Amino acid sequence: MLYDVLIIGGGIVGCAIARELTRYRLRVALCEKEREVGFGTTKANSGIIHGGHHAAPGTLKGRLEWAGNQRWDRLAAELGFGFRRVGELTVARSAAEFPTLDKLLHHATVKRIPGVERWEAERIRREEPALSPTVLAAVYAPTTGVVNPYEACYGLAESAVRNGLDLLTGFPVERLHQEDGLWVVLTPTVVLQARFVINAAGIDADRVAASALAGNFDIRPRKGEEYLLDKRLQGLVKRVIFPCPTAVSKGILVIPTFDGTIMVGPTAEEAGDRTDLTTSTPGARAVFDAVRDLVPGISEKDVIAQFAGLRAVATGEDFIIGPTSRRGFINAAGIQSPGLTAAPAIAELVVDVLRDEGLTLVERDDFMPALPRPVHFAALSTMEQIALSLRDPRYRRIVCRCEYVTEGEVLDAIARGAATLDGIKFRTRAGMGRCQGGFCTVRCMELLARSRGMDMASVTKRGRGSWLVYERNGGTLRSSDSAPEDEQERMGGEA
Amino acid sequence: MSVEEKHATDLITVGYLCIGCPLGCRLEVDADTITNAVVEVRGYSCRRGKDYAIQEHTAPMRLVTTTVAVDAGLWARLPVRSRTPVPKDKVKAICKHLRSIRVTAPVASGAIIWVDDREPGIEIVASRAMPAR
Amino acid sequence: MITAAPRHLRASYDVVIVGGGPAGLEAAVAARDNGAAHVLVVDRDQEAGGILLQCIHSGFGLHRFGEELTGPEYAQRVVASTLEHDIDVIADAYVLDIDERRRVKLMTTQAGVSLVEARAVVLAMGARERTRAAIRIPGTRPAGIFTAGLAQRLVNLYGLLPGRRAVILGSGDIGLIMARRLTLEGIEVAGVFEIMPYANGLNRNIVQCLHDFDIPLHLSTTVVEIRGQNRVEGVTVAPLDETLQPRLDRAWDIPCDTLLVSIGLIPENELSQQMRLRFDSATRGPVVSSAMECSRDGIFACGNVVHIHDLVDFVSAEAMVAGRSAGQYVAGTLPRPDNVQLQPGANVAYCVPHTISTEREHTVYLRARKPLDACTLQLTEPDGTPVYARKLRYVFPAEMVNLKLRPAILQNFHGSILRVNIVERATEGE
Ligand SMILES: Cc1cc2nc3c(=O)[nH]c(=O)nc-3n(C[C@H](O)[C@H](O)[C@H](O)COP(=O)(O)OP(=O)(O)OC[C@H]3O[C@@H](n4cnc5c(N)ncnc54)[C@H](O)[C@@H]3O)c2cc1C
Ligand SMILES: Cc1cc2nc3c(=O)[nH]c(=O)nc-3n(C[C@H](O)[C@H](O)[C@H](O)COP(=O)(O)OP(=O)(O)OC[C@H]3O[C@@H](n4cnc5c(N)ncnc54)[C@H](O)[C@@H]3O)c2cc1C
Ligand code: SF4
């Protein structure tokens, strides 16, 4: 199959690029090595759409952060994922930090970000009473938002597939080279050809670039640990709380996530290696020591889940976006924080780069920007719940007791691409609550097995190697670890 | 269980943890090495402990509880038990054998699932009714 | 047969019971016996019976039925008695909410979401398990980490095995029972690790689940790290010093593909929290009166949802009180409110119920904080004046203490607060 553009990497960046490209008459494919899109850094971050005033105006990051920020209302409206501009406060706890506040205000003026202002102690006390009394002043930004990053990624991917993207999940790109002006891309099971290749491989982007003989940068993964707190603390703070960055720490944040639970983190440590997603005792200590000073009401006892993500920090610390020494091979690499915020703007920039590199872009008149809305049963009124459950028997059974997720929502998530327990969890929240899957795990396994025509033992947590259980069949053991056909999927392709 | 040769000729001392109550007395049984007859019990604080030590030393018994595969039932497994306690050293083998047994729902509570023809008295029964799905 | 679907659901019931475990089912029978004409029990699982359905081992019912039953056998008996009492039991159904007017928002597979009026409600939702996050084990988050109860469900109801070599964290009865269960299913159990210096389970389970199979039990030791990218590949364990800090210099690695976490149960109070009932931070369940009534009128509770029980027999006993009270509430014959508040004192983690009446006989359940041999259970006035004392041979946190309180005992007590202490015999009489 010959594609006009092949994207390597199905994180938020790759998926945003894919969707942007499906606005045009092109054959586009995306190869993702994991079983589902969004399983890289995109599912393990703070979920903040940064206000736009943090990164310095002179950098590519600084430019795309604010440009990206402005795209999110529309994206959320079209794709139906959770996004809310909750605002943020960067707080100063000593006069020595006031220059940092001034710098943020200055960035906002230069970038023309509306509504950014300085708050004094009294206003802070009134608006955020849970903050430590040591807070003296803050910069408020109304532009900051929170989003469910994986939902955004799923929305982008699904929209792209509906508009003709050929989405290949479970297809790691192993090597690629040029032949007669075309790129030949090798995965373990298929060979793909494309005129242009976009490298959106996250923490592995340096390796993909090297394999294309276009490597001139390294990625050093920088780990961030995050801790999710019990919903008992819901509403403790209304806005994202940033400390002023200090010499030792880039800052531990208190984040009211889109779902209302509070999350604290991230740390920032050089990762041991590219697979190092461990959380650690020192990490937890660093987070909670810092948070206690910001919001004294938060304690380690409230943790219900923890995770870590890797920032793809490239040589020079900035994003690397643009053409390379190899014609047709384009980087969208080094997308560390605020890469989530910037992703929609990165996608537009990549389209511009492709045009400059000679790709003819003809807009389609049948592009469908909107996705059908998934049902969020718990958010419906009782009357709506009654009506829906009468109409559709799939909404007559609760799968997740902590988040009140119905069978219908899980089946819908599966129909839209969820192929693993984590995929269901990130799409529906089943398994994300207090009990962390104690109740819903078996039900989700049953629904996955039934809908996808596999046995329970073939269900995995997040794809290859992450088997959950095995069955004893009259003496012989059948393990889930041996069904490669369950580990790959091609979706879409026909616009 | 800790075994320790005390009297080189005729007595052996074996330790047991009493299960009669949470005090968990450490019981010691002196027994004849040849006949295994209990000569003395030490360490108990009540009669229950002494009786337990003797029973546990001479003829330890266990109730077997496990499951067998059931086709077309409400659940995939049917819980079963031995009708009465069986000698402790038979438990593992019985469970292993039961892994290869399949029954079909409906099953009545108490229905006989398996009888050991070599070992009189070992009878495995369903510990619940299993309705068909 | 244990499953039961009602002939048809009524629009209103005298008593609606949330949860069809032993607590809910026994409460239903008691409510019927005490004046409630129409009683509905709702359970979200495929059939009524509660957690007992997966507890296929024996050890249930010695107090209630005078013989040793397996979990399913106990459940079966209780279900049978609800059927004899003409009670509507609906399974595979969910109570989503209960509003101020006691309208129960119910989801059933037959009719979807509907509202059912209840004159009284009994909460009997049981418990959920504490998860790994509750103790924040550092490391990776691969597949292969299960709570012990989830593993029990997978193995005993679905015949799905969680792994090939397991480490079990926590020596409570569920952890011990699962050590034996996995062994009998041919899964190797590398060891059971307990953070406390003593085992939390019954000696009987230590002997019959661990010793019988030569499974090592490591006290004062915990899992300090989980390894493995996609599936658990091993854990690191370390002994703890006196301050409960792991001694990493003495840590060792254990290869395994499965970690079972068995670190306790927490009352399942999603619904009660939505209803804004008053809670006890020690039990993590609702505050209840001697009638097992919660802080809202006409709402009763019993079983693991109130506090974690180790023996189902006492769940049944407590449920009979809650059910009887619900019936009396509907009939307007609920006795006068309590006049004494119980206050946990020395070495007492909690007492249930939270209030009692000096006019009636009660069973009070309490839990000790730390184990003691030869001790005294004493009731005192808040200023320490003794009211009543009883000798105990021992207390053990994992074993609930029952105290029968007869009006005669409190004859000379006229206060409103009674403190409950468990003290060593030596310090007795202070
Ligand atoms: C702890 C933490 C907190 C953060 N918080 C924020 C925040 O609040 N706001 C914000 O804006 N940003 C934040 N970020 C940054 C943001 O998460 C990232 O910039 C963003 O997710 C990067 O997206 P991506 O698509 O480039 O990378 P990824 O999501 O990692 O996607 C790359 C994909 O490429 C795939 N891949 C790799 N190699 C191959 C191959 N050979 N073949 C096929 N597929 C391959 C991977 O499997 C992966 O799915 C945070 C980052 C971290 C670590
Ligand atoms: C693994 C394990 C081993 C045990 N071993 C022993 C033993 O050896 N001996 C012994 O005596 N005791 C034992 N126990 C203790 C005993 O079984 C429990 O104390 C008893 O089952 C608790 O009864 P319950 O009715 O309160 O809760 P459960 O049995 O948990 O029942 C609660 C029911 O409520 C349902 N429910 C919850 N929320 C809702 C809702 N919103 N809508 C509808 N339904 C809902 C649940 O599905 C469940 O069926 C054990 C317990 C466990 C967990
Ligand atoms: S000997 Fe008696 S006191 Fe000692 S553990 Fe056994 S039953 Fe308890």
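For the reader, a short list of remarks on this structure follows.
- Residue count for the stretch C:183-210 under the criterion of being of a type in the set (Ser, Thr, Tyr) and in a loop (DSSP other than H, G, I, E, B): the result is 1.
- Residues within the stretch C:204-241 that are aliphatic (A, V, I, L, M), more than 9 Å from every other protein chain (Cβ to nearest Cβ) and under 17 Å from B:CYS18 (Cα atoms), tallied: 2
- For the stretch C:106-137, a residue qualifies if it is under 30 Å from C:GLY264 (Cβ atoms) and free of Cβ contacts under 8 Å to residues at least 24 places away in the same chain, and the qualifying residues are C:MET107, C:ALA133, C:ARG136.
- Scanning the stretch A:37-85 for residues that are near ligand 1 (Cβ under 9 Å from one of its atoms) and either among the basic types (Lys, Arg) or within 14 Å of another protein chain (Cβ to nearest Cβ) (or both) returns A:PHE39, A:GLY40, A:LYS43, A:ALA44.
- Criterion violated by B:GLY24 - all others in (1) within 7 Å of ligand 3 (Cβ to nearest atom); (2) over 27 Å from B:SER82 (Cβ atoms) satisfied: (2)
- Residue ID - surrounded by the most Cβ atoms within 10 Å (Cβ to Cβ), chosen from residues in the stretch C:93-103 that are more than 7 Å from every other protein chain (Cβ to nearest Cβ) and within 24 Å of the chain's Cα centre (by Cα): C:ALA93
- Filtered residues of the stretch B:112-133 (kept if more than 22 Å from A:GLU471 (Cα to Cα) and either surrounded by fewer than 16 Cβ atoms within 10 Å (Cβ to Cβ) or among the acidic types (Asp, Glu) (or both)): B:ILE112, B:VAL115, B:ASP116, B:ASP117, B:ARG118, B:GLU119, B:PRO120, B:GLY121, B:GLU123
- Meets criteria (under 27 Å from B:CYS46 (Cα atoms) and of a type outside the set (S, T, N, Q)) for C:LEU379: no
- Matching option when the condition is in contact with a Ser or Thr (Cβ under 9 Å, 6 or more places away or on another chain) and more than 14 Å from chain A (Cβ to nearest Cβ), among C:GLY201, C:GLY139: C:GLY201
- Tabulated pairs, the stretch C:253-269, first without any contact (Cβ under 8 Å) to a residue 60 or more places away in the chain, second open to solvent by less than 10 Å² (accessible area, probe 1.4 Å), C-beta under 7 angstrom, 6+ apart or interchain: C:ASP253/C:GLY234
- Residue selected from the stretch C:211-257 under the condition assigned to a loop (DSSP other than H, G, I, E, B) and in contact with a helix residue (DSSP H, G or I) (Cβ under 9 Å, 6 or more places away or on another chain), by the criterion surrounded by the most Cβ atoms within 10 Å (Cβ to Cβ): C:ILE215
- Test set (1) outside the structural domain of C:SER325 (by TED's automatic domain parsing); (2) more than 14 Å from ligand 2 (Cβ to nearest atom) - C:THR147 fails condition number: (2)
- In the stretch C:72-91, residue nearest to the other protein chains (Cβ to nearest Cβ) [restricted to those that are among the hydrophobic types (A, V, I, L, M, F, W, C) and open to solvent by less than 30 Å² (accessible area, probe 1.4 Å)]: C:ALA75
- Within the stretch B:75-93, not a single residue is facing chain C (nearest Cβ under 9 Å), within 16 Å of ligand 3 (Cβ to nearest atom) and either among the acidic types (Asp, Glu) or open to solvent by less than 60 Å² (accessible area, probe 1.4 Å) (or both).
- Entirely in the stretch A:294-403, the strands (runs of 3 or more DSSP E) that have 2 or more residues that are within 16 Å of ligand 2 (Cβ to nearest atom) and within 14 Å of chain C (Cβ to nearest Cβ): A:398-400
- Residue check for B:ALA59: away from chain C (no Cβ under 11 Å), under 25 Å from C:LEU69 (Cα atoms) and more than 16 Å from ligand 2 (Cβ to nearest atom): yes
- Set side by side, the residues A:VAL190, A:VAL240, A:VAL208, A:VAL173 differ, and just one is more than 11 Å from ligand 1 (Cβ to nearest atom), among the β-branched types (Val, Ile, Thr) and outside the structural domain of A:GLU487 (by TED's automatic domain parsing), which is A:VAL190.
- C:ILE145 vs. criteria more than 8 Å from every other protein chain (Cβ to nearest Cβ) and out of contact with any Asp or Glu (no Cβ under 9 Å at 6 or more places or on another chain): yes
One line per residue, one yes/no per condition, for (1) assigned to a helix (DSSP H, G or I); (2) under 30 Å from B:ILE101 (Cα atoms):
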| site | (1), (2) |
| --- | --- |
| B:ALA31 | no, no |
| B:GLY49 | yes, no |
| B:GLN55 | yes, no |
| B:THR67 | no, yes |
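- When A:ASP422, A:ASP412 are checked against the criterion of being in contact with a Pro (Cβ under 7 Å, 6 or more places away or on another chain) and either without any contact (Cβ under 8 Å) to a residue 40 or more places away in the chain or assigned to a helix (DSSP H, G or I) (or both), a single residue qualifies: A:ASP412.
- Just one of the listed residues (A:LEU310, A:LEU213) is at pLDDT 90 or above, hydrophobic (A, V, I, L, M, F, W, C) and on the phi > 0 side of the Ramachandran plot, and it is A:LEU213.
- Exactly one residue out of C:MET292, C:MET275, C:MET320 is on the phi > 0 side of the Ramachandran plot and within 13 Å of ligand 2 (Cβ to nearest atom), and it is C:MET292.
- Tally, over the stretch A:180-209, of residues that are in a strand (DSSP E or B) and free of Cβ contacts under 8 Å to residues at least 12 places away in the same chain: 2
- Considering residues of the stretch A:268-282 that are open to solvent by 10 Å² or more (accessible area, probe 1.4 Å) and among the hydroxyl-bearing types (Ser, Thr, Tyr) only, the residue nearest to ligand 1 (Cβ to nearest atom): A:THR275
The values are calculated or read from the model by the stated rules, or taken from the named source; none is laboratory data. Please read all numbers here as calculations on a predicted model, not as lab measurements. Note that each Cβ is placed from the backbone with ideal geometry, even for glycine, and that neighbours are counted across all protein chains shown. With ligands, DNA and RNA removed, areas are computed over all heavy atoms of the protein, side chains included. Shrake-Rupley method; radii C 1.70, N 1.55, O 1.52, S 1.80 Å.
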